[in-house]
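Worksheet: the structure to be examined is printed underneath.
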Amino acid sequence: MQKIITRVWHGKTPASKADAYLTYLLEVGVKDYKKTPGNLSVQIWRRNEGDKVHFYTVTTWDNYESIKKFAGDEINNAVYMPKDKDYLLEFEPDVMHCETFIV
């Protein structure tokens, strides 16, 4: 059994901006995650809910120290990209971390 850490961030956009935000996430956000040593994977989940679209960025990491390289010492704080203010409806302050067991 292998233990890794999964980090989940949630954001919400107006439906009219969802495709543009997805493009931005793929071009900017995913690149930032993948260039951080210790990042194992990145997934973007998208869920439509009427006039709003939910985005979940789900990343896996080899350990908490690697997450610090990405997020800083306060790893539970959300990390926002420069143009997020152009898309997001609100800025949730926290992310969720889960120990993930690969069996």
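What the table shows:
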{"quantity": "Among (1) within 27 Å of VAL103 (Cα to Cα); (2) of a type in the set (Gly, Ala, Ser); (3) free of Cβ contacts under 8 Å to residues at least 12 places away in the same chain - the single one GLY38 does not satisfy", "calculated": "(3)"}
{"quantity": "Matching residues in region 81-96 - criterion: being surrounded by fewer than 16 Cβ atoms within 10 Å (Cβ to Cβ) and either touching a Cys at 6+ places or on another chain (Cβ under 6 Å) or outside any loop (DSSP other than H, G, I, E, B) (or both)", "calculated": "PRO82, LYS83, LYS85, ASP86, ASP94, MET96"}
{"quantity": "Residue satisfying all of: in region 46-80; hydrophobic (A, V, I, L, M, F, W, C) and more than 13 Å from ARG7 (Cβ to Cβ); surrounded by the fewest Cβ atoms within 10 Å (Cβ to Cβ) among these", "calculated": "PHE55"}
{"quantity": "Whichever residue in region 18-59 is touching a helix residue (DSSP H, G or I) at 6+ places or on another chain (Cβ under 8 Å) and basic (Lys, Arg) and, among such residues, is farthest from LEU88 (Cα to Cα)", "calculated": "ARG46"}
{"quantity": "Complete set of residues in region 63-103 that are in contact with a helix residue (DSSP H, G or I) (Cβ under 6 Å, 6 or more places away or on another chain) and either farther than 18 Å from LEU26 by Cα or touching a residue at least 60 places away in the same chain (Cβ under 8 Å) (or both)", "calculated": "ILE75, VAL79, TYR87"}
{"quantity": "Residues within region 1-20 that are surrounded by 14 or more Cβ atoms within 10 Å (Cβ to Cβ) and under 21 Å from ALA71 (Cα atoms), tallied", "calculated": "9"}
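Taken together, the values in this text are just the output of simple stated rules run on the coordinates, not laboratory data. Just so you know, these numbers come straight off a predicted model, no measurement behind them. With ideal geometry, Cβ positions are generated from the backbone for all residues, glycine too; neighbour counts draw on all protein chains shown.
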